[in-house]
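Data first, discussion second: the structure below is written as structure tokens.
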Amino acid sequence: MTFDVQIDDAHARLEVQQEGDRYRFRLGDHPERLAQLAEVEPGIYAVLLDGRSYEAHAETGAGCAWITIRGRRFRVAVTDPRRWSAMRGDAHGGGREEIIAPMPGKIVRLLVTPGQAVEAGQGIVVMEAMKMQNEMKANRTGRVTAIPVHVGETVGAGAILATIE
């Protein structure tokens, strides 16, 4: 799975693969790492990362989580790019928006055609990944200028699925 994360004031893309209690992850351009995570009490996690053990305390906040590790507190907000939010991007402004595949998958359905006007939050493409169908939505109002994929095509993470201007 791929997410957009904000840790305090820093923004990055987070790629995560879960294998039981082990997580392979890549934050931004950093190398892939492996962590083991176990909830030992509600909101308290034992983390093993790079041979070091940490205790992480997690509290939910308004649109975020507060994570405390070794006395340092971080504000963490995670956004799933498959979900539309009026807070993301410029929902009414000009410019170009590219709908990007958040993970590898197969194109199941095209919901719009090139030249069609779309509204913010409208479904554009349905792709199947990990046996789940995900509807990719427009973040802004505009006109579809390109759909470079077709039904049945397999795409990689980061592939452009549609362009809206």
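The values are calculated or read from the model by the stated rules, or taken from the named source; none is laboratory data. Given the structure is predicted, the values throughout are model-derived calculations rather than measurements. With ideal geometry, Cβ positions are generated from the backbone for all residues, glycine too; neighbour counts draw on all protein chains shown.
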Filtering the stretch 77-97 for residues that are modelled with pLDDT of 65 or more and either touching a Leu at 6+ places or on another chain (Cβ under 6 Å) or surrounded by fewer than 12 Cβ atoms within 10 Å (Cβ to Cβ) (or both) leaves a count of 2
Looking only at residues in the stretch 1-31 that are assigned to a loop (DSSP other than H, G, I, E, B) and farther than 24 Å from LYS131 by Cβ, which one is modelled with the lowest pLDDT? ASP9
Given the conditions (1) surrounded by fewer than 19 Cβ atoms within 10 Å (Cβ to Cβ); (2) at pLDDT 85 or above; (3) in contact with a Gly (Cβ under 7 Å, 6 or more places away or on another chain), report the number of the one that ILE100 does not fulfil. (2)
Number of positions in the stretch 39-53 that are surrounded by 10 or more Cβ atoms within 10 Å (Cβ to Cβ) and under 14 Å from ARG70 (Cβ atoms): 5
Within the stretch 107-118, how many residues turn out to be surrounded by 12 or more Cβ atoms within 10 Å (Cβ to Cβ) and not in a strand (DSSP E or B)? 4
In the stretch 149-158, is there at least one residue being over 21 Å from VAL78 (Cβ atoms), surrounded by 13 or more Cβ atoms within 10 Å (Cβ to Cβ) and touching a Ser or Thr at 6+ places or on another chain (Cβ under 7 Å)? no
If only one of ALA65, ALA35 is assigned by TED's automatic domain parsing to the domain that holds ASP9, touching a Leu at 6+ places or on another chain (Cβ under 6 Å), surrounded by 14 or more Cβ atoms within 10 Å (Cβ to Cβ) and not aromatic (Phe, Trp, Tyr), which one is it? ALA35
Number of positions in the stretch 6-35 that are farther than 17 Å from GLY156 by Cβ, acidic (Asp, Glu) and touching a residue at least 60 places away in the same chain (Cβ under 8 Å): 1
